[in-house]
Each structure stands twice: as C-alpha cells, then as structure tokens.
Amino acid sequence: MPKTSKVKKKATKVRSKVVAKPKIKITSKPKEISKGPIKISKTYIPKETEKYMCEKHKVFFRIKLQEWKKELVKSNNEALYNGSMDDNSISADIVDQASSYTDKNVEMKAINRQIKLISEIEKALLRIKDDTYGYCLDTAEPIGLKRLMARPVAKYTIAAQEKHEKDEKVHADD
C-alpha cells in the first residue's frame, strides 16, 4: 500500500476591494421629517393663532377624547356594579318595588346614553386618525376650536347641525 503524503494547504488572504460610493447631493428638502410623536404639556390649550388641526391640536383632542371615554367606561361599570348590588325589588311593599323599578329604569337609560356617547368618542378618534376630525361631515368646513372644546365629538358646523336637527324634527312630525 502506497504511503500518502499529507499536503499542507496554504491559507490565502483575499483582499476585498473597497469601492467608493458616489456621493448624492440632495437639492430639495423633504416636506416633513417625522420627529416622533408630538408631546404637549398638560396645560396646553389649542389657540386660534395656530394652524387649524395641526398635530398639536390632534394630540390635544385625542388625549381629551381618550380621557373622557375612560371616565365614562369607569362610571358605567360602577353604576352597573352598584345597581346589581342594590336590589330592593325583593321588598314586600309594592310602592317600594315600583320606586326601585323606576330608579333602575332611569339609571339604565343614563347608561345607554353614555354607551352611545362612547361610540361617538370612538368615531371621533377614528376621524383624528384619518385626518377628517375638526371638519364638517356635510360641508368639509372647519368646525372651529371653540365648538370642539365645548363638544369634542362634534361632527358638523353649527349651521349644518341646526339643519340636521330641523330635518330630524320634520321627519319626527311625519
């Protein structure tokens, strides 16, 4: 059997050529560079002098709507919990039972109104997301900061809201 000789392999160094990348000169600036989320102070109030529905306004109203929604959900949960714990309908007196029934009915109507309001708040938050918040759904005109401060879920300008209410009244009378 022939002897095999061991062949030493030489390690070869490979030099990679560094190719210089051409420098690109940008002559126009990008329109907006995202600097991350806009932060506002807790005491910030939108001003008429600022551009209408700028990022600060949107952040302000988003926070306001989210806090309002949180409060409504909390109060609804407390009302439902306390209402279920306070059950006087077992009382033998029929007057007490009627009074308890009326109280619960009024409380449930209030909870239902708050649930509808929570739904309106969620719709307003979606309008903030798609950049239609603060503009009338009928006319696309700005609703106005004063109106939004008073009623953050407003969907219409005052004139369009009055028209809607008038139309509702006409249809209700039919």
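Derivation of every value follows stated rules applied to the coordinates shown; laboratory data play no part. On a predicted model such as this, the values are computed, not experimentally measured, just so you know. We place every Cβ from the backbone using ideal geometry, glycine too, and count neighbours over all the protein chains shown.
Structural remarks
- For the pair LYS104 and ILE38 in one chain, pulling the backbone fully straight at 0.36 nm per residue adds 19.4 nm over the alpha carbon distance.
- Scattering from the stretch 55-169 was approximated by placing one identical point on each alpha carbon and applying the Debye formula without solvent; log10 I(q)/I(0) at 0.20 1/Å stands at -1.04.
- The stretch 129-174: radius of gyration over Cα atoms, expressed as a fraction of 2.2 N^0.38 Å: 1.27
- Check: the stretch 55-169 dipole with +1 on Lys, Arg Cβ and -1 on Asp, Glu Cβ, in debye: 740
- Fully extended contour minus Cα-Cα distance, from LYS163 to LEU117, at 0.36 nm per residue: 14.4 nm
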